[in-house]
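Please treat every number below as a calculation from the coordinates, not as lab data. This one's a predicted model, so the numbers in the text were calculated from it and none came from an experiment. Note that each Cβ is placed from the backbone with ideal geometry, even for glycine, and that neighbours are counted across all protein chains shown.
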Amino acid sequence: MPIIALGINHKTAPVEIREKVSFSQEKLEEALRDLTSQSNINEAAILSTCNRTELVCHTENNEDSATIIDWFRHYHKLSGEEVDPYIYTHPEQQAVQHMLRVACGLDSLILGEPQILGQIKTAYRQAVDAGTVGTLLGKLFQYTFSVAKQIRSDTAIGSSSVSVAFAAVSLAKQIFSDFASHTALLIGAGETIELTARHLHENGIGRIIIANRTVEKAHALAKEFNGYAIVLQDIPGHLAEADIIISSTGSPLPILGKGAIERALKTRKHQPMLMVDIAVPRDIEPEAGELDDVYLYTVDDLQEIIEEGLRSRQQAAKQAEEIIDHEVIQFMGWLRSLEAVGTIREYRKKAEETRDNELSKAQRMLAKGEDPEKVLAWLAHGLTNKIIHTPCTQMKQAGFDDRFEVIETARHIFGLEQLTNKIK
């Protein structure tokens with residue numbers, strides 16, 4: 001029952017490639033169903049964030065990774081030359097290990113960041129809603145959540161305040177020392193923007209404006225931080241007020257263009273603006289970075305700031321890796337045990353048939369008036385002989401054929417002490 005995980009992330013591909021292969025939330029369910037309609041793809045889930053796009057599939061064979069990659073290219077209308085150099089593939093045990101590492105933040109741009117676990121849970125729910133997750137991937141995801149929770153609890157992997165949001169605010173503090181006199185415009189209302197708003201608020205930002213596609217969601221978040229909510233269409237009218245703009249939406253097209261920013265700069269009399277574009281695809285046109293008095297950063301630019309907060313997590317990461325190694329072995333053991341399910345089911349069915357036949361004979365004997373104690377003794381004796389007959393015959397034949405390993409295996413299966421000397 002092969003499991004395959006493949007995709008691209010911030011380690012293998014620049015943002016220009018990552019934004020080309022991201023999946024919009026509106027079309028994700030359709031994509032999942034299309035993926036599982038492909039030959040030999042039994043189950044599938046898709047994780048698409050600003051730093052990674054990954055597909056986790058339960059397939060018929062490990063060779064089916066070629067089918068997944070072909071579908072991946074075709075869906076995004078990309079050639080092999082454009083995307084193949086950035087794709088990684090993890091089969092079987094490597095796929096399980098990769099899933100656990102990603103969920104614990106060990107494969108993130110920010111070591112140990114917690115948001116990824118929530119994103120994986122969302123990906124799982126979306127796959128369940130689409131009907132593309134069954135028993136095997138369902139078990140893998142639940143196991144992943146359990147291990148991630150254990151690592152958060154047993155190690156200090158999440159103890160330091162390090163995240164993309166934290167890095168963005170740290171960058172803003174380097175440029176604007178007096179937060180109390182400045183205004184921040186946050187575009188989006190997801191987890192990253194919520195965390196950004198929290199960091200800004202805790203650092204004493206003067207004013208927060210939150211823009212979102214739905215004003216209700218923006219208002220709910222703005223209320224928590226004494227902010228002001230607007231819809232995306234109103235951004236041009238408020239852009240000049242903002243000293244700090246941090247954007248993280250799922251929009252497939254840029255929300256802020258160079259022209260709108262130029263107009264805002266004129267209104268501001270060219271007071272500097274810090275823009276941090278966390279989104280993939282990007283929310284702010286890259287050309288805006290060419291403007292004087294605009295400091296534009298993407299998620300890739302935050303790496304140096306992020307590194308400063310990683311040191312305290314290094315030892316915790318080693319502990320987490322040890323836990324993951326153990327848990328991968330446990331999961332693979334469960335996976336291998338599924339191969340025995342068919343045999344166990346057949347053996348149980350055969351034993352139950354034997355039981356029913358012998359019980360039927362005993363019931364007929366009782367109906368004829370025979371002594372119940374003698375019938376019970378006959379039933380126990382006969383049932384035992386019938387059940388052990390085939391295994392005993394096979395073990396005798398194994399001894400005759402000098403297949404001693406079969407006898408050792410049988411002793412293990414039946415819970416008998418292992419023989420120390422081979423009997424000739």
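Quick notes on this structure:
- Counted charge near LEU265, where neighbours are those whose Cβ lies closer than 11 Å (Asp, Glu -1; Lys, Arg +1): +2
- Summary of the geometry: region 20-71 and region 80-113, compared by the centres of their Cα atoms, lie 14 Å apart.
- Coarse-grained scattering of region 164-308 at q = 0.19 Å⁻¹, given as base-10 log I(q)/I(0) from a Debye sum over alpha-carbon atoms: -1.13
- One compactness figure for region 343-413 is 1.44, namely its Cα radius of gyration divided by 2.2 N^0.38 Å.
- Semi-axis lengths (Å, descending) of the ellipsoid that matches the C-alpha gyration tensor of region 155-220: 21, 18, 9
- Coarse-grained scattering of the chain at q = 0.07, 0.09 Å⁻¹, given as base-10 log I(q)/I(0) from a Debye sum over alpha-carbon atoms: -0.50, -0.69
- Between LYS11 and LYS269, the FRET efficiency from the beta-carbon distance, with R0 = 30 Å, is close to 0.10.
- Against the main long axis of the alpha-carbon atoms of the chain, helix 215-224 sits at an angle near 90°.
- Contact order for the chain, expressed relative to its length and based on alpha carbon pairs under 8 Å spaced 6+ residues apart, stands at 14 percent.
- Candidate lysines - alpha carbon under 17 Å from LYS269, same-chain residues fewer than 8 apart omitted: LYS258
- Cβ-based net charge around GLY80, under 13 Å, with every Lys or Arg adding one and every Asp or Glu removing one: -2
- Per-residue ellipticity at 222 nm from helix content only, as computed over the chain with -39500 (n - 2.57) for each DSSP H run of at least four residues, stands at -16500 deg cm²/dmol.
- Here the dipole of region 164-308 is about 600 debye; that uses its Cα centre as origin and unit charges on the Cβ of Lys and Arg (positive) and Asp and Glu (negative).
- Close amide H pairs (under 5 Å, H built 1.01 Å from N) link ASN42 with HIS58, THR59, GLU60, residues at least 5 positions away or on another chain.
- Straight-line cross-link reach from LYS361 at under 16 Å between alpha-carbon atoms covers these lysines, not counting any fewer than eight positions away in the same chain: LYS374, LYS386.
- Residues in region 266-272 carry Karplus couplings, in order, of 4, 4, 7, 6, 6, 5, x Hz; the curve used is 6.51 cos²θ - 1.76 cosθ + 1.60 with θ = phi - 60°, and Gly or Pro positions show x.
- Counting only lysines at least 8 places from LYS139 when in the same chain, those with an alpha carbon closer than 16 Å to its own are LYS121, LYS149.
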